[in-house]
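Colleague: One structure, as structure tokens, below. Some questions next.
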């Protein structure tokens, strides 16, 4: 993945001095604190207006995860190894598990005659997007959303008090799966990827971001999605949601009757992951 390098952006830090900052500065900075969802929307609107060359994607987290330098780090699940080094052997094993789960999912979809699932067989990344979104196994993809309300709900539903909204800048998507060879990126629109029986993606307005080409033999800094970070916003449970704006409950983010969830849960059990 091509990061932003020395390119500068109008970001959350710019509200105090109207100066643009590099991705390195943004990653090491403290987030901007906002009080309400209404204020968050206004802040993001201004950031978006100042960065028209990028499509903004959001990720809600209970806290900021950093590397030794104090900079924000956002690796996809297959490369995560908190507090220790990820060995080549372990990474290869994770890819073996991913391949096995992918084969099982394709077989299940075909056997159960899930509607309009044939396109998933053409691109392995599309199958991975389902495995990632339903948390079956580690993948090279990162869950994000185009919805600030979804990102905020995820962040605060899983936080004791304060939470974090990360804002990433990516090329504009142009289809179900978008490849950007020059940027070494891919973007998957889950709404277009998943069968209609997959309810969760339709409630979460989800996208999956990834590196392209996707498979590497070791964890490397260029695989860190924080190299595409444009802003960090801190939100708090107390007073954030107002009368006009309400959180999306877990019962809606994870709806009942999701047939693809049942399939994925079975694969997860059989793969022992």
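The values are calculated or read from the model by the stated rules, or taken from the named source; none is laboratory data. It should be emphasised that the depicted structure is a prediction, and the values quoted were computed from it without experimental measurement. A quick note on method: Cβ atoms are made from the backbone with ideal geometry, for glycine too, and the neighbour counts reach across all protein chains shown.
Colleague: All but one of (1) over 15 Å from the mean Cα position of the chain (by Cα); (2) in contact (Cβ under 8 Å) with a residue 12 or more places away in the chain hold for residue 251; which doesn't?
Modeller: Unmet condition: (2).
Colleague: Return the only residue of 177, 188, 165, 130 being within 25 Å of residue 22 (Cα to Cα) and in contact (Cβ under 8 Å) with a residue 24 or more places away in the chain.
Modeller: Step by step, each of 177, 188, 165, 130 is checked, and only 165 is within 25 Å of residue 22 (Cα to Cα) and in contact (Cβ under 8 Å) with a residue 24 or more places away in the chain.
Colleague: Looking at 80, 94, 84, can you tell me which residue is at pLDDT below 95, surrounded by 19 or more Cβ atoms within 10 Å (Cβ to Cβ) and farther than 22 Å from residue 201 by Cα?
Modeller: Result: 94 is the single residue among 80, 94, 84 that is at pLDDT below 95, surrounded by 19 or more Cβ atoms within 10 Å (Cβ to Cβ) and farther than 22 Å from residue 201 by Cα.
Colleague: How many residues does region 222-273 contain that are buried (at least 20 other Cβ atoms within 10 Å of the Cβ) and closer than 29 Å to residue 46 by Cβ?
Modeller: The qualifying residues number 12.
Colleague: Here's a follow-up. Please count how many residues of region 254-266 are out of contact with any helix residue (DSSP H, G or I) (no Cβ under 8 Å at 6 or more places or on another chain), in a helix (DSSP H, G or I) and either more than 16 Å from residue 106 (Cβ to Cβ) or without any contact (Cβ under 8 Å) to a residue 60 or more places away in the chain (or both).
Modeller: Residues that pass the stated criteria total 2.
Colleague: Counting only residues that are touching a strand residue (DSSP E or B) at 6+ places or on another chain (Cβ under 8 Å) and touching a residue at least 60 places away in the same chain (Cβ under 8 Å), how many does region 54-74 have?
Modeller: 14
Colleague: State all residues of region 49-61 that are crowded, with 17+ Cβ neighbours inside 10 Å and in a helix (DSSP H, G or I); if no residue qualifies, say none.
Modeller: Residues satisfying the conditions do not exist here.
Colleague: Just to check your reading of the model, which residue among 42, 46 is part of a helix (DSSP H, G or I), without any contact (Cβ under 8 Å) to a residue 60 or more places away in the chain and either buried (at least 16 other Cβ atoms within 10 Å of the Cβ) or touching a helix residue (DSSP H, G or I) at 6+ places or on another chain (Cβ under 9 Å) (or both)?
Modeller: Only one candidate qualifies: 46.
Colleague: Of the conditions (1) touching a strand residue (DSSP E or B) at 6+ places or on another chain (Cβ under 8 Å); (2) part of a loop (DSSP other than H, G, I, E, B); (3) over 28 Å from residue 105 (Cβ atoms), residue 234 satisfies every one except a single condition; which number is it?
Modeller: Failing condition for residue 234: (2).
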